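Here's the structure we're looking at; comments come further down.
FYI, it's all coordinate maths here, none of it is from the lab. The structure presented is a predicted model; accordingly, all values stated were derived computationally and were not measured. For neighbour counting, all protein chains shown are included, and Cβ atoms are generated from backbone atoms with ideal geometry for every residue, glycine included.
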Amino acid sequence: MIIVMRPNAPEAELDAVTSLIAALKLSAHVSRGAERTIVGVIGAIEDKEILLAQFAQLEGVDSVVPISHSYKLVSRQARAERTVVRVRDGVSFGGEQLAIAGGPCSVESREQLDLTADAVARAGANLLRGGAFKPRTSPYAFQGLGEEGLKVMRAAADRTGLAVVTEVLDVRDVELVERYADVLQIGARNMQNFGLLREVGGARKPVLLKRGIAATIEEWLMAAEYVYVSGNHEIVLCERGVRSYDQQTRNLLDLAAVPLLRTLTHLPVVVDPSHGTGVRSLVVPMSLAAIAAGADGLLVEVHPNPAAAYSDGPQSLTLANFADLMARLAPVAAAVGRGLPAPALMV
């Protein structure tokens, strides 16, 4: 359940509410908005009706609302205002300005990444994406450069004014990746790796949580709940397509999930049209459609020479393709009341 405090309720009244929650051996999660404070009550509740009445009688309580969803703290009921996840240097997810991440699937070399970072920064991206640790279906495929890849990304991002979003695969690597990245990405294969979700829940950096390849919306939001209840409230959801029976595209990009999630959760939502389609020619139109549907940003794979990419070349935009995308994105963003980032690198 959630307890909605009256506007401008004094701190003493809030303390009385949280003290009662603790006395009942339940957990309180306080969310402070611009006008109201909401307290989420977490734990096994035996008699909800009695508890609802008990909290409703407390001074400063405006209303007590039972939450029907299995996910509690990330639900729209738990927070009236939409969450804006702030990264660094004005980069955020969920604000008026879109978050646009561009970069290669895999960090292959310093030269490759520098070329890409320069190009996406000039075109107007505000985040650099890239994989230093790669989860590959085959154990013989390129697995990434590891810490050296993280160092290359950090240097390129600092030089171009971009923020870094990169994937962490293992609980043992969270501290290492957090040292270099601005946003920790949990990939589709790890969406239900609950140990990893708890670990990034204790991290100090925002978490970008991709939808699993066969996950329902509820399962995805429950994965976000793991991160949230573990202490990290800076969570961004990323729709990247789900597996389907059709072989014409890599995945089925579920753009209906974007407006649906805006009714179910207060967390920001971005779209990865590269993994969502697996087809270079579809990335631009689906990017435009994602922003029109209400997405808070995009993750787009970009490579200087996709034909020679170590991974995901067929779905990667060229540097020129990405510049074209950003130019075409401007009027769509404006039509839905959003703005594009200012170019990070002026050359």
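3J(HN,Hα) couplings calculated from phi for the stretch 286-299 with the Karplus curve 6.51 cos²θ - 1.76 cosθ + 1.60 (θ = phi - 60°) are, in sequence order, 6, 5, 4, 5, 5, 5, 4, 7, x, 4, 8, x, 9, 10 Hz; Gly and Pro show x. This ranking places E239, E167 by how few other beta-carbon atoms lie within 10 Å of each, fewest first, which gives E167, E239.
Relative contact order for the stretch 2-66: 47 percent, from Cα pairs under 8 Å spaced at least 6 residues apart, divided by residue count. When the P(r) of the chain is calculated, the portion above 37 Å amounts to 20% of the C-alpha pairs. By the helix-only formula, in which each DSSP H run with n ≥ 4 contributes -39500 (n - 2.57) and the sum is divided by residues, the chain has a 222 nm mean residue ellipticity of -10500 deg cm²/dmol.
Full extension of the chain between A289 and A80 gives 72.6 nm of extra length, using 0.36 nm per residue less the Cα-Cα distance. Counting Cα-Cα pairs of the stretch 192-323 in 10 Å increments starting at 0 gives whole-percent bin shares of 13, 39, 33, 14, 0.
Database remark: amide H of A163 closer than 5 angstrom to the amide H of L127, L128 (H placed geometrically; neighbours at sequence offset of 5 or more, or on other chains; Pro and chain starts carry no H). Per residue, the convex hull spanned by the Cα atoms of the stretch 2-66 amounts to 70 cubic angstrom.
With the highest mean first, a sort of the peptides 290-300, 330-340, 187-197 on other beta-carbon atoms found within 10 angstrom per residue produces 290-300, 187-197, 330-340.
Using only the C-alpha atoms, the convex hull of the stretch 56-173 corresponds to 176 Å³ per residue. Residues whose amide H falls under 5 Å from that of R6, counting only those 5 or more places apart or on a different chain, are V61, D62, with hydrogens built in the peptide plane. For Cα pairs less than 8 Å apart in space and 6+ apart in sequence, what is the mean separation divided by the residue count of the chain, i.e. the relative contact order in percent? That works out to 17 percent. With only alpha-carbon pairs counted, each pair once and no self-pairs, how large is the Kirkwood hydrodynamic radius of the stretch 1-122 in angstroms? Averaging 1/r across every pair of different Cα atoms and inverting gives 17.4 Å. Placing unit charges on each Cβ (+1 for Lys and Arg, -1 for Asp and Glu) gives the stretch 2-66 a dipole about its Cα centre, and among I42, A16, L58 the Cα reaching farthest toward its positive end belongs to I42. Between L209 and I186, V236, L237, C238, the built amide H atoms are under 5 Å apart, and every one of these is 5 or more places off in sequence or on another chain.
When the pairs K25/K48; K151/K210; K25/K205; K134/K210 are compared against a 20 Å limit on Cα-Cα distance, K151/K210; K25/K205 fall above it. Bridges between two residues of the chain, per DSSP, are antiparallel at a rate of about 40%.
Ordered from longest to shortest, the equivalent ellipsoid semi-axes for the stretch 151-254 are 24, 18, 11 Å, each the square root of 5 times a Cα gyration tensor eigenvalue. The alpha carbon centroids of the stretch 42-120 and the stretch 209-267 are separated by 13 Å. Shown is the FRET efficiency for F194 and S19, computed with R0 = 41 Å from the Cβ-Cβ distance and rounded to the nearest 0.05: 0.85. From least to most packed, judged by other beta carbons within 10 angstrom and beginning with the fewest, K48, K25 follow the order K25, K48.
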